[in-house]
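The values are calculated or read from the model by the stated rules, or taken from the named source; none is laboratory data. Remember, predicted model here, so these are calculated numbers, not experimental data. Cβ coordinates were reconstructed from backbone atoms using ideal geometry, including for glycine residues, and neighbour counts include every protein chain displayed. Calculation scope for accessible area: heavy atoms of the full protein, side chains included, ligands and nucleic acids excluded. Shrake-Rupley method; radii C 1.70, N 1.55, O 1.52, S 1.80 Å.
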Amino acid sequence: MQQLCPDLWQTTAEHPFGPDVTTHAYLWRGPAGNVLFYNTGLAEEIEALAPLGGVAWQYLSHRDEVSPSLAAIHARFGTRLRCHALEAPAAQAVTPVEATFDATHVPLPGLEVIPTPGHTVGSTCFRVQGAAGIYLFTGDSLFPDGDGWSTYVGTDQRATLADSLDRLRSPTPALVLASAARHPHGYRAVDGPQWQRILDTAIGDLR
């Protein structure tokens with residue numbers, strides 16, 4: 001577990017999809033309680049969440065983050081799991097889902113939930129007003145890939161994902177944090193012009 005910002009921590013990297021792909025979960029200490037984005041399968045990282053106050057809510061960006069550790073996190077902290085309604089069947093096979101959604105909304109102070117279909121039908125991004133600026137959690141919809149950025153999407157969903165990414169243009173994030181990435185850190189700091197170029201390139205490639 002490492003601290004990235006005064007209110008944000010990243011779990012140790014995992015490699016469930018092969019040695020070139022890293023995954024992380026992120027704990028945000030929000031004004032209403034601790035929120036865990038994505039998932040970790042490491043027992044020692046789950047336990048490391050305890051001294052940080054545990055986990056009140058866990059948000060999944062899509063079904064690929066489902067694993068038995070969801071049940072372990074719920075058992076340890078009484079976590080309330082939330083995800084898009086179209087991703088819920090996969091999660092419910094492991095542990096109860098407290099709430100689902102299918103539209104943009106603000107369920108907690110400082111947290112905006114933004115459905116961004118494309119990678120999967122219920123893929124979702126999360127925008128957080130953090131202590132160090134805006135944190136944008138992009139799931140697998142857009143992720144660091146070496147020195148650049150990539151998307152992973154079926155041919156028939158390319159236009160859908162392009163439209164979804166266009167919804168992320170404003171406000172500009174300070175940090176973009178993916179669920180899985182071909183990059184050891186899994187996140188990057190960006191500025192306004194840089195973020196627009198990243199989206200222009202990704203959307204152009206999809207279209």
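So the values come out like this:
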quantity	calculated
Of 77, 137, 37, the one that fluctuates the most in a GNM where the chain has Cα springs shorter than 10 Å	77
Cα gyration tensor category, rounded, prolate or oblate, for segment 56-123 with a/c compared to 1.5	oblate
Mean residue ellipticity (222 nm) of the chain, computed from DSSP H runs ≥ 4 via -39,500 (n - 2.57), nearest 500	-6000 deg cm²/dmol
P(r), alpha carbons of the chain - 5 Å bins starting at zero, rounded %	1, 8, 17, 21, 23, 17, 9, 3, 1, 0
Within-11-Å neighbourhood charge of residue 151 [Cβ basis; K, R +1; D, E -1]	-2
Accessible-area composition of the chain, carbon plus sulfur, in percent [1.4 Å probe]	52
Net charge of Cβ neighbours under 10 Å - reference residue 27; Lys, Arg +1; Asp, Glu -1	-1
Theoretical gain in end-to-end length, residue 12 to residue 104 [0.36 nm per residue, Cα-Cα removed]	30.2 nm
Restricting segment 50-113 to GluC sites (Glu not before Pro) in coil, as DSSP defines it, with at most 16 other Cβ within 10 Å	98
Surrounding net charge for residue 95, when Lys and Arg each add one and Asp and Glu each subtract one, Cβ distance under 14 Å	+1
